[in-house]
Amino acid sequence: MNHAPPRRTSLEINGARHEVSSGITVAAALSLFAHGITRLSVQAEPRGAFCGMGICQECRVLIDGQLRLACQTLCESDMVVSTGTQTHGESNQ
Ligand code: FES
């Protein structure tokens, strides 16, 4: 049986530093520290991860300056995540 403490990763979410367990997704970190909000719709309504498997695109966030799917991206040390932006290529409202 392994009793080692879980490894931790530090990343920045919307300008604030947070520690998370290694191996969780950015979507999971956003649910802990950003009310689960990933982006804004074209009507400026908050959106969040829905399918959790890379299909719906609701979890698009800026990660290190590039749009990526939060549900398909594992947290990495010193990653910079920005949420609440209106994303281009909007297909869902
Ligand atoms: S939650 Fe649907 S693509 Fe990420």
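The values are calculated or read from the model by the stated rules, or taken from the named source; none is laboratory data. Computed from a predicted structure; not experimentally measured. Glycine gets a Cβ as well: all are built from the backbone with ideal geometry, and neighbour counts include every protein chain shown.
Inside region 54-72, residues that are near the ligand (Cβ under 9 Å from one of its atoms), surrounded by 18 or more Cβ atoms within 10 Å (Cβ to Cβ) and within 19 Å of LEU32 (Cα to Cα) make up a count of 6.
Where residues in region 61-87 are part of a helix (DSSP H, G or I) and touching a helix residue (DSSP H, G or I) at 6+ places or on another chain (Cβ under 8 Å), which of them is farthest from HIS18 (Cα to Cα)? Filtering region 61-87 for residues that are part of a helix (DSSP H, G or I) and touching a helix residue (DSSP H, G or I) at 6+ places or on another chain (Cβ under 8 Å), the one farthest from HIS18 (Cα to Cα) comes out as CYS71. Of all the listed residues (GLU58, GLU12, GLU90, GLU19), the sole one being in a loop (DSSP other than H, G, I, E, B) and at pLDDT 95 or above is GLU58. Considering SER77, SER22, SER31, SER41, the condition of being farther than 30 Å from PRO5 by Cα, hydroxyl-bearing (Ser, Thr, Tyr) and surrounded by fewer than 18 Cβ atoms within 10 Å (Cβ to Cβ) is satisfied by SER41 alone. For first residues located in region 40-62 and within 23 Å of GLY15 (Cα to Cα), partners that are among the basic types (Lys, Arg) and lie 6+ apart or on another chain with Cβ distances below 6 Å form the pairs SER41/ARG47; ARG47/ARG39; GLU58/ARG47; ARG60/ARG39.
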